[in-house]
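Below is one structure, written out as structure tokens; comments come after it.
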Amino acid sequence: MEKASLKKDQQIKFALSERASCLTDAGFDNYRFEHNALPEIDFVEIDTSTKFLGRQLKVPLIISSLTGGGSKSEKINRSLAGLANDYGVGFAVGSQTCALRDSSLEQSFKIRPYAPDTLILANIGAAELNYGFTVDECRKAVDMIDADGLILHLNPLHEVFQRSNTTNFSDLLRNIEKVCDKLDAPVIVKEVGCGISASVAKKLADAGVYAVEVAGAGSISWSAIEKEASRDVVLHAAADSFRDWGNPTTECIESVAKSIKKNVKIIASGGVNTGVKMAKSIALGADLCGNASAFLQKIMESRAECENFMEIITMELKTAMFCTGCRNLEELKKAKLIEKGRQEC
């Protein structure tokens, strides 16, 4: 599996490049909070904590699915898992498909010893359920890392451009429903950067998923990453047409929140790289936020840079809550957001 390991390392390299950015804006600038000049709360008493899958989080944040299986991945995963544990946020590993096929790659995913107290999520590609993977493989992925839940990721655009031969998405919803029904661990379904629409989210909710991670357009473009990695002339040219493909993150959060059952959680990701954007995501209907690219960039610099980033986004989130008069996240869900172009004072 040396080839798979090299590909993972290559993806990390390209993900850090400006050429990997999606050309669609996540949409957060289209909203602003109504400022509360008289919040009548004490800043030091603001509570940003929440509970997810039985784990108490100090901040409503998951370090989203990144990587695994490559020579660089093990160090990255361990460092970020330790950070997640120290700061009380969740951590999701990258696709474990390679490790399920080659046990020698499992070690790069085993991060529970570095994050004994916080939320950890396993991850495999949903399309693998159409290529021989069953509930057994899903269970192995969870057990491999002692995870609290399983992410099944949807990535049709990415599958096309990485030429992975896993582009059969026929009747995939039925297989997702089987996993939700038979797997002991809760199932989360996410996109990888093109967004989940309201209609898809409703189907997933009906199938029994615990949560939907919208992963909207506005951050990394996987078609751009695969373009950088490919020497295929056709793929290289076609990938450019899809750098602006996808549903903007804010559009996904708002529409999904209006369409699915109250008991299905929503994770906002896709350009959610500041505490203010986290606050807007919660106000739009999300329960939790996720970010991958910013943490990847920071950890490649140093652990200290990641710590600074965590401190900054937490400060931003608390300040947004203070200036909207919100003591906790439940109150933040009801904070007034004004769409761009509307004047309400």
(request) Given the conditions (1) at pLDDT 95 or above; (2) of a type outside the set (S, T, N, Q); (3) out of contact with any helix residue (DSSP H, G or I) (no Cβ under 8 Å at 6 or more places or on another chain), report the number of the one that Lys75 does not fulfil. (result) (1)
(message) I'm checking my understanding of the structure. Among residues of segment 305-324 that are of a type in the set (Ser, Thr, Tyr) and in a helix (DSSP H, G or I), which one is nearest to Tyr31 (Cα to Cα)?
(response) Thr319
(message) Checking the condition in contact with an Asp or Glu (Cβ under 6 Å, 6 or more places away or on another chain) and either buried (at least 20 other Cβ atoms within 10 Å of the Cβ) or modelled with pLDDT of 90 or more (or both), which residue from Lys203, Lys190 passes?
(response) Lys190
(request) Restrict the check to segment 146-154 and report whether at least one residue is farther than 21 Å from Ala215 by Cβ, surrounded by fewer than 20 Cβ atoms within 10 Å (Cβ to Cβ) and touching a Lys or Arg at 6+ places or on another chain (Cβ under 7 Å). (result) yes
(message) Looking only at residues that are basic (Lys, Arg) and in a helix (DSSP H, G or I) in segment 262-291, which one is nearest to Leu332 (Cα to Cα)?
(response) Lys280
(request) Give the residues of segment 238-261 that are assigned to a loop (DSSP other than H, G, I, E, B) and closer than 16 Å to Leu154 by Cα, sorted by residue number. (result) Trp245, Gly246, Asn247
(request) Could you look through segment 64-85, keep only residues that are without any contact (Cβ under 8 Å) to a residue 40 or more places away in the chain and of a type in the set (D, E, K, R), and pick out the one that is farthest from Asp136 (Cα to Cα)? (result) Lys75
(message) Quick check on Ala215: is it part of a strand (DSSP E or B), under 16 Å from the mean Cα position of the chain (by Cα) and of a type in the set (Gly, Ala, Ser)?
(response) no
(message) Based on this model, can you work out whether Ala279 counts as crowded, with 22+ Cβ neighbours inside 10 Å and at pLDDT below 95?
(response) no
(message) Among the residues that make up segment 292-303, is at least one of them of a type in the set (Ser, Thr, Tyr), part of a helix (DSSP H, G or I), farther than 26 Å from Val209 by Cβ and over 20 Å from the mean Cα position of the chain (by Cα)?
(response) no
(request) Report, ordered by the first and then the second residue, all pairs with beta carbons closer than 9 Å, sequence separation of six or more or different chains, a first member in segment 210-234 that is farther than 30 Å from Glu177 by Cα, and a second member that is of a type in the set (Val, Ile, Thr) and buried (at least 24 other Cβ atoms within 10 Å of the Cβ). (result) none
(request) State yes or no: is Leu235 touching a strand residue (DSSP E or B) at 6+ places or on another chain (Cβ under 8 Å), of a type outside the set (Val, Ile, Thr) and either outside any loop (DSSP other than H, G, I, E, B) or surrounded by fewer than 24 Cβ atoms within 10 Å (Cβ to Cβ) (or both)? (result) no
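The values are calculated or read from the model by the stated rules, or taken from the named source; none is laboratory data. Values in this document were obtained by computation on a predicted structure and should not be read as measured data. Neighbour counts are summed over all protein chains in view; Cβ atoms, including those assigned to glycine, are modelled from backbone coordinates with ideal geometry.
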